[in-house]
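For reference, the structure discussed in these notes is given below.
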Amino acid sequence: MTRLLLVRHGEVAGIDPPTFRGRAELALTGRGEKQAALTRDAIHSRWPVDAIYCSPLGRCVRTANTLGEAFGLQAMPEADLTDIDYGEWTGLSRDEVDRRWPQDLAMWKSTPHAFHVPGGESLQAVAARAVDALIAILSTPRTSVAIVTHDSVIRVLLCHAMGLPLASYWLLAPSPCGISVATYAEGRFTVEAFNETAHLSGA
């Protein structure tokens, strides 16, 4: 059995109020650094992590390497765990996108599984590459593996683990440095916890 710890990166600018960040490089805020440290301590107190994978974007690498400090591990960036490509929406606020692409934004909110971001990526493409990365990670037997990535990737991976369609994307809302826990054994996932954040009370 392998335990998966799915962790969203720490806070960055553009989460609140929200912008379409996607693959833009953003540093953790001071609060994001504190969140990463608290998450490191929380995970270290509960699970013996054998490996840490992450999106190659800096906010995930920084969060993942902070977690790794407790285990003597260096994070391993995996390109297929990167954030969704928001194309022409990258860097824009929700209001800006609503003014320029009102019908597209409405479709993204109502039927994300059937939408392709202008100049960017579809949710099906995100799911295909993220699940491929997960399968590759699980091919090596380990006790516990941490994956530090983005809310979009965590959403699609949890949909996959729970057997939910991508239409369920908006049912899940991972918080910065929230921890979701699943186990994988005999070809099946069991989701044990979603978006644990109690450890972040001091951030």
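So if each residue of separation counts as 0.36 nm, and I subtract the Cα-Cα distance between R142 and M1, what length gain in nm does that give?
Numbers: separation 141, 0.36 × 141 = 50.76 nm, distance 0.77 nm.
Going from the current span to full extension adds 50.0 nm.
With r as the distance between the Cβ atoms of W170 and E88 and R0 = 35 Å, compute the FRET efficiency 1/(1 + (r/R0)^6) and round to 0.05.
Values: r = 21 Å, r/R0 = 0.61.
With R0 = 35 Å, the Cβ-Cβ based efficiency is 0.95.
What translational diffusion coefficient, to the nearest whole µm²/s, does the chain have by Stokes-Einstein, given a Kirkwood radius computed over alpha-carbon pairs, a temperature of 10 °C and 1.306 mPa s viscosity?
Working: Rh = 17.0 Å.
Translational diffusion coefficient: 93 µm²/s.
Stretch A128-H44 to full length: gain in nm at 0.36 nm per residue minus the Cα-Cα span? All intermediate terms of the calculation are to be shown ahead of the outcome.
Details: separation 84, 0.36 × 84 = 30.24 nm, distance 3.07 nm.
Between A128 and H44, full extension yields 27.2 nm more.
Place a +1 charge on the Cβ of each Lys and Arg in the chain and a -1 charge on the Cβ of each Asp and Glu, then give the dipole magnitude about the Cα centre in debye, rounded to the nearest 20.
Values: 18 positive and 22 negative charges, 52 e Å.
It comes to approximately 260 debye.
For the range 1-40, what is the charge dipole size about the Cα centre, in debye to the nearest 20, if Lys and Arg each add +1 at the Cβ and Asp and Glu each add -1 at the Cβ?
Details: 7 positive and 4 negative charges, 38 e Å.
That gives the range 1-40 a dipole magnitude of about 180 debye.
Taking DSSP loops as anything outside H, G, I, E and B, show the longest stretch in the chain free of GluC sites (Glu not before Pro) there with at most 15 other beta carbons within 10 Å.
Values: sites that count: E25, E69, E186.
With a cap of 15 other Cβ atoms within 10 Å, the longest stretch comes to 70-185.
If you add up the charges near L134, with Lys and Arg at +1 and Asp and Glu at -1, over every other residue whose beta carbon is less than 12 angstrom from its beta carbon, what do you get?
On the way: positive: R129; negative: E78, D80, D132.
Computed value for this residue: -2.
For the range 104-203, which whole-number percentage of the solvent-accessible area (1.4 Å probe, protein heavy atoms only) is attributable to carbon and sulfur atoms?
On the way: 2340 of 4190 Å².
On the range 104-203, the fraction of accessible area on carbon and sulfur atoms equals 56 percent.
As a test of the formula, what do you get for the chain when each DSSP H run with n ≥ 4 contributes -39,500 (n - 2.57) and the sum is divided by the residue count, at 222 nm and rounded to the nearest 500 deg cm²/dmol? Kindly include the intermediate steps, with their values, before the conclusion.
Details: 6 runs with 70 residues, N = 203.
Rounded to the nearest 500, it is -10500 deg cm²/dmol.
The values are calculated or read from the model by the stated rules, or taken from the named source; none is laboratory data. Remember, predicted model here, so these are calculated numbers, not experimental data. So basically every Cβ, Gly included, is an ideal-geometry build from the backbone, and we count neighbours across all protein chains shown. Keep in mind that these areas ignore ligands, DNA and RNA; they rest on the heavy atoms of the full protein, side chains included. Shrake-Rupley method; radii C 1.70, N 1.55, O 1.52, S 1.80 Å.
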